[in-house]
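First up is the structure itself, then whatever we jot down about it.
The values are calculated or read from the model by the stated rules, or taken from the named source; none is laboratory data. Every value quoted in this text rests on a predicted model; they were computed, and no experiment measured them. Quick reminder, even Gly has a Cβ in these numbers, built from the backbone with ideal geometry, and neighbours come from all protein chains shown.
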Amino acid sequence: MLVQLGALAHNITIWAKNWWLSDAPKLKHFGVLRLVRDLFTMSGFLVLDRSGRLEAIILNQADYLARRVVKALGALLVAEHVAVNLGKI
C-alpha cells in the first residue's frame, strides 16, 4: 500500500506540473523535488463560504514563486469559480 501511495503522489505531482506548463512556462524546468519542496509548500490561505465551499485562494505575495503561479492556478480553477489572488500573509 505504501508503494501505491508513493506512486500516486508522484503521478499527482507530474499532472500538476503539466496543468501549469501552459500558463507558467517558467516552471517547465522544475523537477519533482523542486515542485514538492518549493511550490507545494507555498504559504497562503483559503477562503470558504458558509457552506464550506472554496471561494478563493490567497497566496503570499512575498513568496518568490507566487507571482509565477497565480495566473496559472487561477486558469486551472476558473471552471470551479475559485478566485486566486496575491495578498499579505
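Tell me, please, whether a residue that is of a type in the set (S, T, N, Q) and part of a strand (DSSP E or B) can be found in the range 55-66. Checked against the condition, which is being of a type in the set (S, T, N, Q) and part of a strand (DSSP E or B), the range 55-66 yields at least one hit. For the range 31-57, taking the residues that are small (Gly, Ala, Ser) and over 20 Å from residue 87 (Cβ atoms), the one that is surrounded by the most Cβ atoms within 10 Å (Cβ to Cβ) is identified as 31.
So that you can scan it fast, the table gives a plain yes or no per residue for (1) in contact (Cβ under 8 Å) with a residue 40 or more places away in the chain; (2) on the phi < 0 side of the Ramachandran plot; (3) not aromatic (Phe, Trp, Tyr):
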position	(1), (2), (3)
13	no, yes, yes
19	yes, yes, no
22	yes, yes, yes
46	no, yes, yes
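Considering only residues that are at pLDDT 85 or above and of a type in the set (D, E, K, R), which ones fall in the range 1-52? Matches in the range 1-52: 34, 37, 38, 49, 50.
Is it the case that some residue within the range 7-21 is small (Gly, Ala, Ser), touching a Lys or Arg at 6+ places or on another chain (Cβ under 9 Å), more than 18 Å from residue 82 (Cβ to Cβ) and surrounded by 10 or more Cβ atoms within 10 Å (Cβ to Cβ)? No; the residues of the range 7-21 include none that is small (Gly, Ala, Ser), touching a Lys or Arg at 6+ places or on another chain (Cβ under 9 Å), more than 18 Å from residue 82 (Cβ to Cβ) and surrounded by 10 or more Cβ atoms within 10 Å (Cβ to Cβ). For residue 60, the criteria (1) of a type outside the set (Ser, Thr, Tyr); (2) modelled with pLDDT of 90 or more; (3) within 23 Å of residue 37 (Cα to Cα); (4) crowded, with 17+ Cβ neighbours inside 10 Å hold in every case but one, which is (4).
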